[in-house]
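Below you'll find the structure, written out as structure tokens, and then a few comments.
The values are calculated or read from the model by the stated rules, or taken from the named source; none is laboratory data. Predicted model, so just to flag it, every value in this text is computed and none were measured. Glycine also receives a Cβ, built like all others from the backbone with ideal geometry; neighbour counts cover every protein chain displayed. Ligands, DNA and RNA are stripped out before the accessible areas are found, and what is left, the full protein with its side chains, is counted by its heavy atoms. Shrake-Rupley method; radii C 1.70, N 1.55, O 1.52, S 1.80 Å.
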Amino acid sequence: MKTTSPVGKSVPRIDARQKVAGEATYVFDLKLPGMLVGKMLRSPHAHARIVKIDTSKAEKLPGVRAVVTAEDTPKIKFGSNEFFFPYTVDQFPLEFEKVRYIGDEVAAVAAIDEETAQKALSLIDVHYEILPAVFSSVEAMKPGAPAIHTAMNNIGVMMPTCFGDPDRALKESDYVREDVFYLQSAAHAALEPHVSIGQYELSTDRITLWSSTQAPFKIREAMAKTLKMQEADVRVIKLNVGGGFGGKLEMFPMDFCACLLSKKSGGLPVKMMCNREEVFSFTRRKHPMIYKLKSGVKKDGTVTAITGEVIADGGAYCSYGPTVIAAAIMRFMMVYKFKNIRLFGSRVYTNNPISGAIRGFGGVQSGFAIESHMDMLARGIGMDPVEFRLKNATDPNMTTVNKMILSSNGLKDCIRKAAEISGWKEKYGVKKETAPGVFRGIGIGIAADVMGSKMYKSHESAGSIIKVEEDGSVYLFTGAADTGQGSDTAMAQIAAHELGVAYERVRIKAADTEITPFDTGSFASRVTFISGNATKNAATDAKRQILEVVAQELKLDIQGLDIKDEQVVARESGRALLSFDQAVILCYSFNYGRLIIGRGNYNPKTTPVDFRTGEGNISGSYGFEAQIAEVEVNTKTGQVKVLKMYDVHDIGYPINPASVHGQIEGSIVMGLGYTLYEDLKFKEGRVVNPLFSKYRIPRSTEMIPIESVFIETNDPQGPFGAKGMGEASLLPTAAAIANAIHDAVGIQIKDLPITPQKILAALKDNENKT
Amino acid sequence: MKTVTLDVNGKVFCLDVPDGELLIETLRDRLGFLGTKYSCLEGDCGVCTVLADGKNVLSCLMLTVEAEGRKITTIEGLGQKDLHPIQQAFIDEGAVQCGFCTPGMILASKSLLDAHPSPTQDEVVHALDGNLCRCTGYVRIVNAVLSAARKMKKTP
Ligand code: FES
Ligand code: FES
């Protein structure tokens with residue numbers, strides 16, 4: 001018999017067969033009868049007033065079915081952190097007063113083919129009055145800078161955080177240092193482009209949107225709001241998603257326009273798809289950030305205080321700005337038990353493209369700044385960086401100064417284990433020239449991550465439904481959005497285990513707002529933890545319903561029964577009483593007629609972040625990890641070669657070890673790209689490298705050996721002890737590499753990406769100093 | 001317009017296509033082989049990889065008229081009911097995440113293994129250099145290709 005406890009095993013992905021056979025359907029593949037091609041008209045200016053839009057010529061073009069501008073809309077703004085931060089709701093689906101970046105949407109067309117749609121765009125006359133623009137966050141904050149919205153000094157989001165007495169603590173320090181770190185923008189570069197199909201049903205006034213999205217329910221909410229419709233009349237369906245990484249977490253004007261154009265063209269479906277250049281230029285990007293940090297430390301290695309400023313270039317609209325700033329700042333306190341901390345976070349509007357969510361939110365940027373800074377502090381007092389971190393890292397069962405409750409916490413074990421498997425003691429600080437001018441070094445970075453965050457709604461619930469049919473088939477309905485990370489598989493594993501049946505029995509139906517329960521979406525590493533708990537609860541409920549019938553029939557106490565390995569068993573003796581199939585048939589039989597429909601939901605015990613103070617327990621649990629990089633630096637060419645990464649991760653418990661390792665490997669390689677070369681570049685607000693040939697992402701030849709080890713802390717809240725982990729492995733990578741470079745050649749690069757030119761310049765600088 | 005005879009996955013199709021039509025367009029839009037994806041249409045990502053006479057080519061750079069007389073294989077032709085050992089290895093090794101790069105990746109691997117049945121890791125890595133994957137970090141993909149090579153040698 002097949003094993004029926006898939007939890008903790010690397011079972012094959014539930015969707016892998018269709019994917020390797022080319023039968024997995026993405027919205028990208030979808031074609032509907034009568035489908036039109038939709039296209040967006042975007043602003044060519046970074047900042048301009050819209051004087052007039054004339055669409056008459058475009059409308060007359062044969063083959064054009066509809067043209068829309070803001071005049072066809074109710075003119076309602078949307079934002080992504082609407083519930084707690086209403087002041088960040090700042091974007092119209094189609095702008096009509098002003099455009100604020102190159103790419104801002106002003107109109108859209110639907111036509112019978114691509115060529116006609118393109119031609120129609122060129123026939124729309126928009127009269128702009130150009131306004132002065134600002135492209136740097138620092139400039140934008142200065143008095144007199146062009147006002148992009150109404151926010152004072154263009155600061156759209158601020159988060160002042162102060163705990164303890166940092167000034168006094170700095171004075172009492174044995175060593176104080178100041179550093180400034182610069183982080184560049186980057187692209188998600190998911191391989192499936194952003195794509196959606198909207199269809200309006202005239203007879204019912206309802207719309208359906210198929211979208212390549214990480215958050216169907218969030219789109220539904222924004223769509224209903226901006227179209228002034230009931231949420232019940234908006235149906236969002238997700239199919240397979242070809243990668244997201246945070247880039248598909250919001251409603252985009254193209255989603256909105258696909259539906260609106262469909263309405264205007266009499267209900268024909270309208271497909272909107274970005275080409276690669278548009279994905280790079282007009283979707284979302286990573287926040288470029290500046291960290292100015294000043295911290296102090298005692299001789300014994302205790303960090304006394306950390307102070308400073310975090311400035312993020314948010315681009316034209318707020319998007320997930322509050323989440324990014326919160327994630328950036330709270331990260332400091334998840335990782336280190338700081339008592340005195342003062343950080344001022346500002347997310348600043350500029351006329352650059354919109355910065356938004358991307359794997360790790362602001363955590364990747366913070367990871368680089370904190371972890372590089374910590375290494376420099378350690379060196380300042382002559383302490384080993386591993387020792388230094390062990391001294392200051394957070395502990396299990398503690399509450400941080402800002403009231404985050406860290407229950408299970410394997411951070412210190414992660415650090416120790418990473419040091420052990422990497423041979424840290426033997427390698428660190430040992431000068432090693434492997435070839436003339438080529439030096440080896442080792443460096444560490446540590447990180448912590450949330451499992452969801454209460455930033456989107458008053459609750460953070462997810463739900464699941466499990467139905468067991470008469471023939472014993474098990475269907476799981478979840479609103480969780482698998483975008484490739486494998487959450488459907490994890491959910492099926494959890495359901496199978498809890499219900500006591502084979503994994504192969506479970507079919508999953510995921511993410512259709514009209515059919516599946518609510519789920520806030522795939523972000524902040526929340527799905528395994530939150531949706532996983534919901535699924536577990538649904539399976540428990542279904543199991544109870546089956547056992548009730550069995551207990552009644554066999555005149556036994558339900559407490560004494562369980563389902564395991566596809567059998568209903570007596571709990572104590574383990575004796576099989578009847579098979580799962582027999583039990584299900586019994587439920588559906590003449591005497592009972594009981595349909596088995598289990599339901600479950602889960603709402604983690606969290607509190608929203610108070611943006612006036614930085615307090616709040618944003619996550620139901622926290623994950624931790626340590627990463628160690630070994631690098632080789634060529635002092636002649638400036639080339640950095642990462643030889644190996646060691647990753648030790650407190651994942652609570654791995655539901656599917658292969659999937660977890662896969663997430664870690666994917667994250668690390670993505671981090672490697674961001675550290676060494678990925679750089680979305682802008683000139684006067686225009687992306688200058690919007691192609692894979694110019695924006696390089698890691699290739700197979702850059703694959704590095706990764707040794708990944710789990711620390712199992714069995715989280716008391718997690719399903720089977722599991723925690724989420726989609727983001728954490730990206731956070732410490734850049735610093736681990738930068739610190740390793742310092743170990744190799746004595747230079748600390750403080751601005752990413754670490755290019756050969758920067759290495760050579762820093763080496764030269766060093767030489768001149770000595 | 002030109003009339004072309006195309007051999008795709010062993011089936012012969014006779015079509016009228018514009019001279020400038022790309023193979024990817026013909027495969028997806030005319031013939032419905034949706035397993036072939038694309039991501040850039042610029043020759044930069046490898047997602048649109050298919051086989052022409054057993055060699056991997058980018059279907060976004062090849063004109064349909066150029067495909068005439070060559071045996072084109074898409075992922076659908078490799079195996080759907082009975083999977084090819086490479087497809088199976090991708091499942092077994094956990095090499096599939098979002099799956100968008102997968103068809104192209106598998107076909108590029110097939111082209112490699114047909115020419116070099118026992119490649120070294122280095123050879124695999126180089127053969128797949130033109131196929132981007134944003135999800136996996138390549139580790140499991142390379143393992144899958146190596147494991148498929150071993151299995152295929154055992155059961156020729
Ligand atoms: S689609 Fe990118 S290479 Fe063909
Ligand atoms: S699996 Fe997603 S791009 Fe390769």
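With all protein chains kept in place, the per residue accessible area of chain A amounts to 34 square angstrom at a probe of 1.4 angstrom. Extension gain, A:ARG594-A:GLU553: 0.36 nm per intervening residue step, less the Cα-Cα distance, totals 13.5 nm. Between A:ASP300 and A:LYS228, residue separation times 0.36 nm minus the direct Cα-Cα distance comes to 19.8 nm. Protection proxy ranking of B:55-61, A:113-119, by the mean of other Cβ atoms within 10 Å over each peptide's residues and highest first, is B:55-61, A:113-119. Highest average first, the peptides A:732-738, A:637-643 ordered by how many other beta carbon atoms sit within 10 Å of their residues are A:732-738, A:637-643. For the listed peptides A:594-606, A:237-249, a ranking on the average number of other beta carbons within 10 Å per residue, highest first, reads A:237-249, A:594-606. Between A and B, roughly 4000 Å² of accessible area is buried in total, ligands, DNA and RNA not counted and the probe set to 1.4 Å.
As a calculated quantity, the FRET efficiency between A:SER579 and A:SER407 at R0 = 41 Å, using C-beta atoms, amounts to about 0.55.
With Cα atoms as the point set, the radius of gyration and Dmax of the stretch B:85-154 evaluate to 10.5, 32 Å. Using the Cβ-Cβ distance between A:LYS425 and A:LYS9 with R0 set to 30 Å, the FRET efficiency works out to roughly 0.30. The residues of chain B present an accessible area of 39 Å² per residue when probed at 1.4 Å with all protein chains retained.
Residues of the stretch A:19-58 whose accessible area, computed with a 1.4 Å probe over protein heavy atoms, drops by at least 20 Å² once all protein chains are present relative to their chain alone are A:LYS19, A:VAL20, A:ALA21, A:GLY22, A:GLU23, A:TYR26, A:PHE28, A:ASP29, A:LYS31. Under the combined filter of DSSP loop state and at most 16 neighbouring Cβ atoms within 10 Å, the stretch B:47-151 retains none of its chymotrypsin sites (Phe, Trp or Tyr not before Pro). Remark: mean inter-chain Cβ contacts per residue of A:10-18 equal 5, using a 10 Å Cβ-Cβ cutoff to other protein chain atoms.
Summary value for chain A: 16 percent relative contact order, contacts being C-alpha pairs under 8 angstrom separated by 6+ residues. Within 10 Å of the Cβ of each residue in A:191-198, the mean number of Cβ atoms contributed by other protein chains is 4.
For the stretch A:1-120, what class follows from the C-alpha gyration tensor (a ≥ b ≥ c being the square roots of its eigenvalues): rounded when a/c is under 1.5, otherwise prolate if a/b is larger than b/c, else oblate? Here the stretch A:1-120 falls in the oblate category. A straight line joining the Cα centroids of the stretch A:313-379 and the stretch B:94-153 runs 37 Å.
Within the set of other residues whose C-beta is less than 12 Å from the C-beta of A:GLY198, count the net charge using Lys and Arg as +1 and Asp and Glu as -1. Net charge in that neighbourhood comes out at +3.
Amide H contacts of A:LYS644: A:GLU630, each under 5 Å away and 5 or more positions distant or on a separate chain (H built 1.01 Å from N in the peptide plane; Pro and chain starts excluded). Annotation: amide H-H contacts under 5 Å for A:SER708 (H modelled 1.01 Å from N, sequence separation of 5 or more, or interchain): A:ASP647. Pairs of alpha carbons in the stretch A:233-348 separated by more than 24 Å make up 49% of all such pairs. Listed by chain and number, the lysines whose alpha-carbon sits under 18 Å from that of A:LYS57, ignoring those within fewer than 8 places in the same chain, are A:LYS39, A:LYS119, A:LYS264.
Ignoring lysines fewer than eight residues from A:LYS391 along the same chain, the ones with Cα atoms less than 22 angstrom from its Cα are A:LYS171, A:LYS294, A:LYS298, A:LYS299, A:LYS337, A:LYS339, A:LYS403, A:LYS412, A:LYS417, A:LYS425, A:LYS427.
For the pair A:GLU139 and A:GLN748, a Förster radius of 35 Å applied to the C-beta separation gives a FRET efficiency near 0.85, rounded to the nearest 0.05. Percent of accessible area on the stretch B:68-156 owned by carbon and sulfur, 1.4 Å probe? In the stretch B:68-156, the share of accessible area belonging to carbon and sulfur is 50 percent.
Starting from the Kirkwood radius over alpha-carbon pairs of the stretch B:2-77, derive D by Stokes-Einstein at 25 °C in a medium of 0.890 mPa s and give it in µm² s⁻¹. For the chosen part, D equals 205 µm²/s.
Given their separation in residues at 0.36 nm each and the Cα-Cα distance between them, A:GLU115 and A:ASP765 gain 228.6 nm when the chain is fully extended. In straight-distance terms, cross-link reach from A:LYS457 covers every one of the aspartates and glutamates whose alpha-carbon lies under 20 Å from its own, apart from those fewer than eight places away in the same chain; here that gives A:GLU82, A:ASP90, A:GLU221, A:GLU231, A:GLU250, A:ASP449, A:ASP512, A:GLU514, A:ASP519, A:ASP610, A:GLU615. Normalised by residue number, the volume inside the convex hull of the Cα atoms of chain B is 103 Å³ per residue. Which shape class applies to the protein assembly as shown: rounded if a/c is under 1.5, otherwise prolate when a/b exceeds b/c and oblate if not, where a ≥ b ≥ c are the square roots of the Cα gyration tensor eigenvalues? The shape class here is rounded.
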